1. Could you count how many residues in the stretch 273-292 are farther than 17 Å from residue 174 by Cα and surrounded by fewer than 20 Cβ atoms within 10 Å (Cβ to Cβ)?
2. Take residue 270 and decide whether it is part of a helix (DSSP H, G or I) and out of contact with any helix residue (DSSP H, G or I) (no Cβ under 7 Å at 6 or more places or on another chain).
3. Restricting to the stretch 204-224, give me the number of residues that are touching a helix residue (DSSP H, G or I) at 6+ places or on another chain (Cβ under 7 Å) and over 17 Å from residue 242 (Cα atoms).
4. Only one of 198, 230 is farther than 15 Å from residue 85 by Cβ, surrounded by fewer than 24 Cβ atoms within 10 Å (Cβ to Cβ) and within 15 Å of the ligand (Cβ to nearest atom); which?
5. All but one of (1) assigned to a helix (DSSP H, G or I); (2) in contact (Cβ under 8 Å) with a residue 12 or more places away in the chain; (3) more than 24 Å from residue 177 (Cα to Cα); (4) away from the ligand (no atom under 16 Å from the Cβ) hold for residue 117; which doesn't?
6. Looking only at the stretch 84-111, which residues are within 26 Å of residue 147 (Cα to Cα), in contact (Cβ under 8 Å) with a residue 24 or more places away in the chain, in a helix (DSSP H, G or I) and more than 13 Å from the ligand (Cβ to nearest atom)?
7. Tell me, please, whether a residue that is assigned to a helix (DSSP H, G or I), in contact with a strand residue (DSSP E or B) (Cβ under 6 Å, 6 or more places away or on another chain), within 15 Å of the ligand (Cβ to nearest atom) and at pLDDT 95 or above can be found in the stretch 33-54.
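The values are calculated or read from the model by the stated rules, or taken from the named source; none is laboratory data. All values derive from a computational prediction rather than experimental measurement. Quick reminder, even Gly has a Cβ in these numbers, built from the backbone with ideal geometry, and neighbours come from all protein chains shown.
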Ligand SMILES: Cc1ncc(COP(=O)(O)O)c(C=O)c1O
């Protein structure tokens, strides 16, 4: 295969821009927003058959992940559909992961539908020990909010060896930084609300699979549970995806600089960064009051709970009961694409304002 071979695999940068576009003569470049529930002369109905707007988004995300994508109303709807589609009995789940997913599965456990085996997903040996007898391994990597990284290749082998399915929530990695299907995942999940949408203006979720049977079951999940994406949301998510590569590059550049400067800052303890991506978590010396003070004093960085937008957002996670295990001073930051010096000046000033909560040096 040569660079001029038209059949070589396209770069993700190119796929993000070109996939899911209409190709008919005279068609608009972007699939329009189809506001329709009903279609004439055929029995097609949006909840069961989708619309061209969803299908365009699914085509683009599917091409990036190298599988078939199904869009849902939110990331949680996608996660719930994955559980419905695989109907597991014994599930290995990450202890430190997105609290919504843990709450959902705990609810199923309380109702007697599943047995959960919580493990540190970054400890491959612990995953291996818990996997025997499990029929599903649920991984999230990097994890929310501590940014632990799972060894997906090893976990894929472990799941295969015990006959368990692997589901990977790849929201923080985006479709650009890892492709879990290539490590044996049956389903990849994205909260498209975050980096794919990229502008904090929509909710959407996606499941991607290469297994035709699982694909059909995921479509059934959406049809029966009715967690369908909105037409405008699907349009905006695809519009967001077009610029994901350049947004992520810019945010990652900012993140790398912030990580260096935070590591050198006397008021900051541990800085957690998986080496790529736009999420950075760091522990402010002085615990919860110091970390809260940082959130109160930032002016450019936005104190907010969601993430993945062009704007930098920050939040102290331990305040949520589902994240009570996290360090009280840990701030999870979703790094945006603002000017790095403006960002750093803002953070440095907020850190200086929190100094009064830090223990005096000995
Ligand atoms: C890693 C991860 N997965 C899933 C979700 C749920 O996505 P949504 O809010 O779109 O339902 C979130 C939301 O914060 C998340 O951070």
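1. Number of matching residues: 4.
2. In short, no.
3. Looking only at that region, the number is 10.
4. Only one candidate qualifies: 230.
5. Only one criterion in (1) assigned to a helix (DSSP H, G or I); (2) in contact (Cβ under 8 Å) with a residue 12 or more places away in the chain; (3) more than 24 Å from residue 177 (Cα to Cα); (4) away from the ligand (no atom under 16 Å from the Cβ) is unmet by residue 117, namely (1).
6. 108
7. Within the stretch 33-54, none of the residues are assigned to a helix (DSSP H, G or I), in contact with a strand residue (DSSP E or B) (Cβ under 6 Å, 6 or more places away or on another chain), within 15 Å of the ligand (Cβ to nearest atom) and at pLDDT 95 or above.
Every residue, every condition in (1) under 19 Å from the mean Cα position of the chain (by Cα); (2) within 12 Å of the ligand (Cβ to nearest atom), yes or no:
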{"position": "129", "(1), (2)": "no, no"}
{"position": "178", "(1), (2)": "yes, no"}
{"position": "206", "(1), (2)": "yes, yes"}
{"position": "221", "(1), (2)": "no, no"}
